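Colleague: After the structure tokens below, expect a handful of questions from me.
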């Protein structure tokens with residue numbers, strides 16, 4: 001039996017800000033991002049990694065392939081969040 005992850009953010013109303021952040025970070029990485037549909041960047045990322053991701057059913061993907069796409073996006077976002085936090089801490093001193 002498979003479990004689906006909840007895609008809800010912990011902070012209500014934060015989705016718009018997270019999506020804007022994702023769009024900006026991935027745009028800086030060189031991907032074209034539609035600000036109205038920032039989640040669609042995953043298809044461009046998948047193509048750059050050689051992963052056959054497409055809208056709809058992707059049950060043919062391996063866990064590794066799916067993780068490579070999500071990791072590229074999420075990892076880039078986390079690195080940027082850490083950079084921003086370090087920058088903010090440096091300015092407070």
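We did not get these values from a lab; they are worked out from the coordinates using the rules stated. Just so we're clear, the structure is a prediction, and the values are computed from it rather than from any experiment. So basically every Cβ, Gly included, is an ideal-geometry build from the backbone, and we count neighbours across all protein chains shown.
Colleague: Looking at 33, 41, 45, 10, which is the one that is without any contact (Cβ under 8 Å) to a residue 40 or more places away in the chain, crowded, with 16+ Cβ neighbours inside 10 Å and outside any helix (DSSP H, G or I)?
Modeller: Matching residue, one of 33, 41, 45, 10: 33.
Colleague: Is it the case, given these coordinates, that residue 59 is in contact with a helix residue (DSSP H, G or I) (Cβ under 8 Å, 6 or more places away or on another chain) and part of a loop (DSSP other than H, G, I, E, B)?
Modeller: Against the criterion (in contact with a helix residue (DSSP H, G or I) (Cβ under 8 Å, 6 or more places away or on another chain) and part of a loop (DSSP other than H, G, I, E, B)), residue 59 does not qualify.
Colleague: Right, next: Counting only residues that are under 17 Å from residue 21 (Cα atoms) and more than 22 Å from the chain's Cα centre (by Cα), how many does the range 78-93 have?
Modeller: Here the count works out to 1.
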